[in-house]
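All remarks here apply to the structure that follows.
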Amino acid sequence: MSSLINVLQVPLALYIHIPWCVKKCPYCDFNSHTLPHNDTLSKTINLDATDQTSSIVDDHFHLYVDALIKDINDQLPLLQGRKISSIFIGGGTPSLLPITQYQRLFDHLKSVLLLCDDLEVTMEANPGTLEHAPFEQYLQVGINRLSMGVQSFSDTKLEALGRIHNANQAQMATQAAKKAGFKRVNIDLMHGLPNQSLQEALYDIEQAHQAGATHISWYQLTIEPNTVFYRNTPVLPDDNDLAKIEEQGCEVLNQLGYQNYEVSAWVSAEDQQCRHNVNYWQFGDYLAIGAGAHGKITIADDSVYNDFERGIYRFSKTRLPKDYMTYEQYPKTVGFAPIAEEDLNGEFMMNALRLTSGVPLNLYSDRTGLTTAKIKPIIKRLQQQKLLVEADNLIQPTDLGRRYLNQVLQAFL
Ligand SMILES: C[S@@+](CC[C@H](N)C(=O)[O-])C[C@H]1O[C@@H](n2cnc3c(N)ncnc32)[C@H](O)[C@@H]1O
Ligand code: SF4
C-alpha cells in the first residue's frame with residue numbers, strides 16, 4: 001500500500017449481525033438460522049410464553065451479546081483514533097433481540113468507542129416480530145433508523161415468499177414506527193416475484209409510499225444457490241415483463257417524489273440516504289461483529305493489530321452462531337486477508353459506480369492508496385463509449401453506463 005492513505009480520513013462504521021430468524025425464507029441465502037427453541041420463540045413473540053420458556057430464549061440472547069462484547073473488544077486496536085460514523089444492525093432478524101440486550105450492548109459500545117455526534121444507527125426489522133414492538137425504547141437506546149423487511153404488500157405474494165407477516169402488519173408496523181418518532185424509515189421491497197404482474201409490482205411501491213417510507217430499497221428477486229427457490233424455482237416474470245416492471249417502477253418512484261441514489265436505493269430527500277451503505281459504496285472502513293459478519297479495514301501501521309502489515313484488509317467472522325458464541329474454543333475470525341493491489345481498482349469501482357452521483361477521483365487515491373495514472377486510460381475509453389462522464393474531477397456513470405454497469409465494471413478488472 002502506498003503511503004497515500006491517511007487512515008484518519010477513512011470513515012469508520014460498525015456492522016452488527018444478528019443471525020436468527022423465526023423461519024427461513026425460501027429465497028434467502030443470508031447467514032440466518034432458525035432460532036433454537038423456535039417453538040418457544042414463536043410463543044415469546046406472541047407474548048404468551050411461560051416465564052421458563054422465555055428465560056431459555058433470554059439466556060441464549062444474553063450469551064450472544066456476551067460474544068458481541070468480546071468481539072468488539074478484540075477489534076478496538078483497529079479504530080486507530082477514529083470515531084464511528086454509523087452502526088448497522090443486520091440479519092437475520094435483529095428485531096428478535098430483546099431491548100434489554102440492546103441496552104447492554106449499547107452501554108458497552110458507548111463505553112469503548114468514540115461515536116460521532118450525528119451517529120446513524122439502523123436496525124433491520126421484520127414486521128412479523130413487531131406486533132408489540134417497543135419502538136420508543138429502540139429510540140431510547142440510540143437506534144434512530146429502521147429498515148423494514150416488507151418485500152410486498154400483497155398477502156398472496158407474502159405467502160409465496162414464505163413470510164411470517166401479512167400486508168396489514170407491514171403497514172401497521174411502519175406507521176407505528178413513524179408515530180413513535182422514527183424520522184428515517186426504509187422499506188425493503190422485492191420485485192419480479194412469482195407470477196407478479198406489472199400492476200402488482202407498482203401497487204407495492206405505492207403502498208410503501210403510503211406507509212410513510214422515507215427510503216425504499218427496491219430489489220429484483222434473485223434465485224440464489226443453496227435456497228429452496230433454487231431447488232424448486234417458482235414461475236417468475238419473463239425478461240420482457242421484468243424490463244417493464246423496472247422501467248415503470250422507476251417512473252412511479254420518481255412520480256412519488258423518490259430520488260434514485262444507488263442502483264436499488266431511493267430516497268424522499270437527500271438527507272434520507274443510508275449513510276452506512278454510502279460508506280460501503282465509497283470504500284470506507286467498517287468493523288464487524290457477530291456470526292458471519294464481514295469487515296473491511298485499513299491498517300496504517302505494522303504494529304496496530306497482531307503484526308498484520310500496513311494494507312487494506314477484509315475479514316469475516318465464523319458463520320455458525322454456536323461456534324461464534326463458544327469463543328474460547330473457536331477462532332471468531334475465519335479470514336483476515338489483504339486485498340491484493342491488482343484487485344483494488346475493481347473493488348473500488350464495483351462499489352463507487354453504484355452511486356448515481358458518481359465518485360470524486362481523489363476518493364480513489366484517498367481510499368486505495370493508488371494514483372489515478374492506471375485508471376485514467378480506462379476512464380477515457382469508457383467516456384468515448386458514452387458509458388462514463390468525467391467532469392470537475394468526478395466520474396459518473398451515464399444512463400447507458402448504469403444500464404450496462406457490469407460492462408463498465410469489467411473494464412476496471
Ligand atoms: C438480510 S435481509 C434482512 C431483512 C429481514 N431479515 C427481513 O427479511 O425482514 C435484507 C433484504 O434483502 C432482500 N433480499 C433477501 N434475499 C433476496 C433475494 N434472493 N433477492 C433479492 N433480494 C433479497 C430483502 O428485501 C431483504 O429485506
Ligand atoms: S427473515 Fe430476512 S434474513 Fe430471515 S430468512 Fe427471511 S429474508 Fe432471510
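The values are calculated or read from the model by the stated rules, or taken from the named source; none is laboratory data. Computed from a predicted model, the values in this text were never measured in an experiment. So basically every Cβ, Gly included, is an ideal-geometry build from the backbone, and we count neighbours across all protein chains shown.
Would you confirm whether or not region 278-294 contains a residue that is free of Cβ contacts under 8 Å to residues at least 40 places away in the same chain and either in contact with a helix residue (DSSP H, G or I) (Cβ under 9 Å, 6 or more places away or on another chain) or under 30 Å from THR398 (Cα atoms) (or both)? No, because not a single residue in region 278-294 is free of Cβ contacts under 8 Å to residues at least 40 places away in the same chain and either in contact with a helix residue (DSSP H, G or I) (Cβ under 9 Å, 6 or more places away or on another chain) or under 30 Å from THR398 (Cα atoms) (or both). Checked against the criterion of being assigned by TED's automatic domain parsing to the domain that holds GLN255 and more than 24 Å from CYS274 (Cα to Cα), the candidates ASP204, ASP155, ASP188 yield just one match: ASP155. Within region 208-239, the set of residues being surrounded by fewer than 13 Cβ atoms within 10 Å (Cβ to Cβ) and at positive phi comprises just one member, ASN226. I'm trying to understand the selection: among the residues of region 168-187, which are within 11 Å of ligand 1 (Cβ to nearest atom), among the hydrophobic types (A, V, I, L, M, F, W, C) and not in a helix (DSSP H, G or I)? Across region 168-187, the qualifying residue is only ILE187. Say whether the condition of being out of contact with any Phe, Trp or Tyr (no Cβ under 9 Å at 6 or more places or on another chain) and within 24 Å of VAL304 (Cβ to Cβ) is met by at least one residue in region 384-400. No: zero hits. How do the pairs read when you match residues in region 134-157 that are free of Cβ contacts under 8 Å to residues at least 24 places away in the same chain with residues anywhere that are among the aliphatic types (A, V, I, L, M) and outside any strand (DSSP E or B), using Cβ under 8 Å and keeping only pairs 6 or more apart or on different chains? As it stands, the answer is ASP155/ALA167, since those pairs meet every condition given.
From ASN166, ASN186, which residue is of a type outside the set (A, V, I, L, M, F, W, C) and either surrounded by fewer than 18 Cβ atoms within 10 Å (Cβ to Cβ) or more than 23 Å from the chain's Cα centre (by Cα) (or both)? Walk me through it before giving the result.
On the way: ASN186 fails: either surrounded by fewer than 18 Cβ atoms within 10 Å (Cβ to Cβ) or more than 23 Å from the chain's Cα centre (by Cα) (or both).
Checking each option against the conditions leaves just ASN166.
Here GLN199 clears all of (1) modelled with pLDDT of 95 or more; (2) touching a helix residue (DSSP H, G or I) at 6+ places or on another chain (Cβ under 9 Å); (3) not charged (D, E, K, R) except the condition numbered (2).
Would it be correct to say that CYS250 is free of Cβ contacts under 8 Å to residues at least 40 places away in the same chain, surrounded by 13 or more Cβ atoms within 10 Å (Cβ to Cβ) and under 24 Å from GLU206 (Cα atoms)? So CYS250 fits the description; yes. Of all residues in region 316-338 being modelled with pLDDT of 90 or more, part of a loop (DSSP other than H, G, I, E, B) and of a type outside the set (S, T, N, Q), which is nearest to the chain's Cα centre (by Cα)? That would be ARG319. Return the only residue of THR368, THR333 being over 20 Å from GLN9 (Cα atoms), surrounded by 14 or more Cβ atoms within 10 Å (Cβ to Cβ) and not assigned by TED's automatic domain parsing to the domain that holds HIS17. Residue meeting the stated conditions: THR333.
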